[in-house]
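The values are calculated or read from the model by the stated rules, or taken from the named source; none is laboratory data. Not measured: the values here are computed from a predicted model. Neighbour counts run over all protein chains shown; Cβ positions are idealised from the backbone, glycine included. Surface accessibility is based on the protein's heavy atoms, side chains included, excluding ligands, DNA and RNA. Shrake-Rupley method; radii C 1.70, N 1.55, O 1.52, S 1.80 Å.
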Amino acid sequence: MVSAATIAVFLLCCYFSASSGSQDDCVYAATGSSFTVPLKHELKESANLRWFKDRTIIFYRRGKYVITGKNDYVDSTGSLKLTRLTKDMSGRYIPEVTNADGLNVGHLPSVRLCVLDPVKKPKVTMTCIEAQKNVSFSCNIGQDDTIEWLMNAKRLAEKGKTVMRVAKDVANSHFSCNVSNIISSEISLPVQQNCYKPVFPDVCDTDVCIPVRSGAGILLLVILTAIVCCTHKKAKVIKDKNELPLKQQHHHQKQPVGRVPEPDFCADCGLEGDNRI
Ligand SMILES: *[C@@H]1O[C@H](CO)[C@@H](O)[C@H](O)[C@H]1NC(C)=O
Ligand SMILES: *[C@@H]1O[C@H](CO)[C@@H](O)[C@H](O)[C@H]1NC(C)=O
C-alpha cells in the first residue's frame, strides 16, 4: 500500500531536489578562461543596453555613451565579454535592452555561469599493509571531483579514493587514477607496488612472459623426454647386444605388445644405425 505519507515524502524530495538542483542550469567554465554571454537581440544604435550580474548592474550604455563599466566590456553585438574568469565571477548574467524612448524590448535570455578550477594533476601513493601482503593505492582528489582507477590502462570498477589488492597478484601492474570534474580531467603517473618482491624478479611483462614461459616449458619437456628416451634406448642396446642371435631371429616379433612407440627424435640420440631396432 502506498500511503499518503510516502507520497508526501516523495513530493517533498522532488521539491527539494528541484530547488537545490538550480546548479543544473549552469554553464561551466574554467578559472582563468574567457566566456562571452551572448546578447540574443539585434541592437539598434539608439538602444540602451544594461548587463546585470545577479542584481548588480555591471554595464550600462545609453546610446553611444558608456555610463557604467567600460566600453570593452561588450563586443560589437552587445554580448558581454568575461575574461580571466575567477570563481567569484560565477552568477547569473542578465541583459536588458530598452529603446530610445525607454521601452523594454522584452525578455532576453540570461546565463548562469559557474566558474570551476580545472582539476590538478593527481598523484598516487602506495602503502604496504598486513606484513607486506596487501598493497593499497590512494589518489589525492578534490571533494567535488570524480575518480576512475586504471590498472595497466584498463578501467577498474572501484570509484573510491583508494584501491586495495593482494600485492603478489599485482606484482608488476601499473596503477593510476583519472580525476575529473565537469570541465577537465587529469591522469596521475602510474605507480607499481613494492610490497611483494618475487624471488626471481620478472624482467619481462605479461605480454612477453606468457609466450616465453610456455616456450621454455615446451623446450624443457622436449629435453627431458629426449634424455629419458636416450637413456632407455642405450640400456636396451646393451641388453639387445647380449641377445643378438635371438633378436635377429625374431626381428619383427621383437616389439613387445603394449610398448609405447618411441618418438621420432629418439632416432637422433647418437646411436649407430645398426644399433637401432
Ligand atoms: C588484504 O586483501 C584482501 C583481498 O583484497 C582482503 O580480503 C583483506 O581484508 C586485506 N587485508 C587487510 C588487512 O586489509
Ligand atoms: C578520464 O576521465 C575522463 C572523464 O570521465 C574521460 O573523458 C577520459 O577519457 C578518461 N581518460 C582515460 C585515459 O581513461
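What the table shows:
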item	result
With all protein chains modelled, accessible area of Asp144 [1.4 Å, Å²]	120 Å²
Volume per residue that the Cα convex hull of the range 108-204 spans, once the total is divided by residue count, Å³	104 Å³
Residue-span extension gain [Ala131 to Asp169] - 0.36 nm each, minus C-alpha spacing	12.2 nm
Amide H partners (placed H, <5 Å) of Arg112, local residues excluded	Val27, Tyr93
Label-point separation in nm, Ala157 to Ala100, each point 7 Å along Cα→Cβ	7.2 nm
Full-stretch length increase - Cys26, Lys123 - with 0.36 nm per residue and alpha-carbon distance subtracted	32.0 nm
For the range 80-151, size of Cβ-based charge dipole, Lys and Arg +1, Asp and Glu -1, in debye	280 debye
Area of Val199 that stays accessible when all protein chains are in place (1.4 Å probe, Å², to 10)	130 Å²
Alpha carbon convex hull of the range 55-160, projected area averaged over orientations, nm²	11.4 nm²
Ile182 accessible area, assembled protein chains, probe 1.4 Å, Å²	110 Å²
